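The values are calculated or read from the model by the stated rules, or taken from the named source; none is laboratory data. No experiment lies behind these values; they were computed from the predicted model shown. Positions of Cβ are generated from backbone atoms using ideal geometry, with glycine treated the same way; all protein chains shown enter the neighbour counts.
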Amino acid sequence: MQARAVLAWAQQDYHVSRQFPCLAAILAARIEDPRIRHPLVANLWEEHGEGDYDLSHVNLFSKLLASIAICADEIPPPLPTTLNFIEGQMRLAENDTLAGLGAFCYGNEFLSLQEFRPIEEACARAFPDANLSYFRANREADGRHSHEAEMAILALCQDEAGVQSVWRGAEWSLRARSEFYDGIVQQLSWVG
């Protein structure tokens, strides 16, 4: 069962990993002050392997997939809950920069600090030869990325309305991430 759960997660989180840099790009494009924008641009650059595609996070994820016998070209389309998580965050970022930053910071970067460790451990148990470099890359960067995104939030929040926007974005993203996992669990129960 653990191997099936890891495979189901990987097939859906691949879609999230592919689209995550787009969220950072939308947010960077919406922040006018270059000093505040800079950490998001740096984050985007790191997501893309700092110019080395082999080190890009989506390519590291593809290596993880290949090491657990999943071909990235054959991944099924995203579940509705996965699509909602991805597209909803993009809409938040496009419509309200602070809500988008709340989703980006707390529903992604900060969350992954806790979220990925048990998944990595399950993956290592179920697939001892798995390439876990994707998890290591995120572990090394996400603490800093969370802090930098939070600094951008603090620089941009001018009033209680701004704080409420950040809160709304974080809350929405965390709820959608929970639904993302619910979708995976439902898929597992349909299969088996």
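Going through the stretch 147-171 one residue at a time, which ones are buried (at least 20 other Cβ atoms within 10 Å of the Cβ) and either within 14 Å of the chain's Cα centre (by Cα) or of a type in the set (Phe, Trp, Tyr) (or both)?
If the condition is that a residue be buried (at least 20 other Cβ atoms within 10 Å of the Cβ) and either within 14 Å of the chain's Cα centre (by Cα) or of a type in the set (Phe, Trp, Tyr) (or both), then Ala149, Ala170 are the ones that fit.
Output the qualifying pairs, or none if there are none: Cβ atoms under 6 angstrom, residues six or more apart or on different chains, first residue in the stretch 129-150 and in contact (Cβ under 8 Å) with a residue 24 or more places away in the chain and among the β-branched types (Val, Ile, Thr), second residue surrounded by 15 or more Cβ atoms within 10 Å (Cβ to Cβ) and in a helix (DSSP H, G or I).
Sorted first by the residue in the stretch 129-150, then by its partner, the list stays empty.
Among (1) within 14 Å of Asn108 (Cα to Cα); (2) acidic (Asp, Glu); (3) in contact with a His (Cβ under 9 Å, 6 or more places away or on another chain); (4) in contact (Cβ under 8 Å) with a residue 40 or more places away in the chain, there is one condition Asp13 misses while meeting the rest; what is its number?
(3)
Restricting attention to the stretch 105-131, which residues are buried (at least 19 other Cβ atoms within 10 Å of the Cβ) and at pLDDT 95 or above?
If the condition is that a residue be buried (at least 19 other Cβ atoms within 10 Å of the Cβ) and at pLDDT 95 or above, then Glu120, Cys123, Phe127, Ala130 are the ones that fit.
Which condition breaks for Arg4 when tested against (1) of a type outside the set (S, T, N, Q); (2) surrounded by fewer than 18 Cβ atoms within 10 Å (Cβ to Cβ); (3) within 11 Å of the chain's Cα centre (by Cα)?
Arg4 satisfies all of (1) of a type outside the set (S, T, N, Q); (2) surrounded by fewer than 18 Cβ atoms within 10 Å (Cβ to Cβ); (3) within 11 Å of the chain's Cα centre (by Cα) except (3).
Taking only the stretch 21-63 into account, find how many residues are under 26 Å from Cys123 (Cα atoms), among the acidic types (Asp, Glu) and free of Cβ contacts under 8 Å to residues at least 12 places away in the same chain.
2
Taking only the stretch 151-185 into account, find how many residues are free of Cβ contacts under 8 Å to residues at least 12 places away in the same chain and basic (Lys, Arg).
Selection size over the stretch 151-185: 1.
For residues in the stretch 27-77 being more than 23 Å from Ser133 (Cα to Cα) and of a type in the set (Gly, Ala, Ser), which is surrounded by the fewest Cβ atoms within 10 Å (Cβ to Cβ)?
Ala29
Please go through (1) touching a helix residue (DSSP H, G or I) at 6+ places or on another chain (Cβ under 8 Å); (2) small (Gly, Ala, Ser); (3) part of a loop (DSSP other than H, G, I, E, B) for Ala69 and return the number of the only condition it doesn't satisfy.
Failed condition: (1).
Inside the stretch 78-90, can you point out the residues that are surrounded by 15 or more Cβ atoms within 10 Å (Cβ to Cβ) and more than 17 Å from Phe104 (Cα to Cα)?
Pro78, Leu79, Thr81
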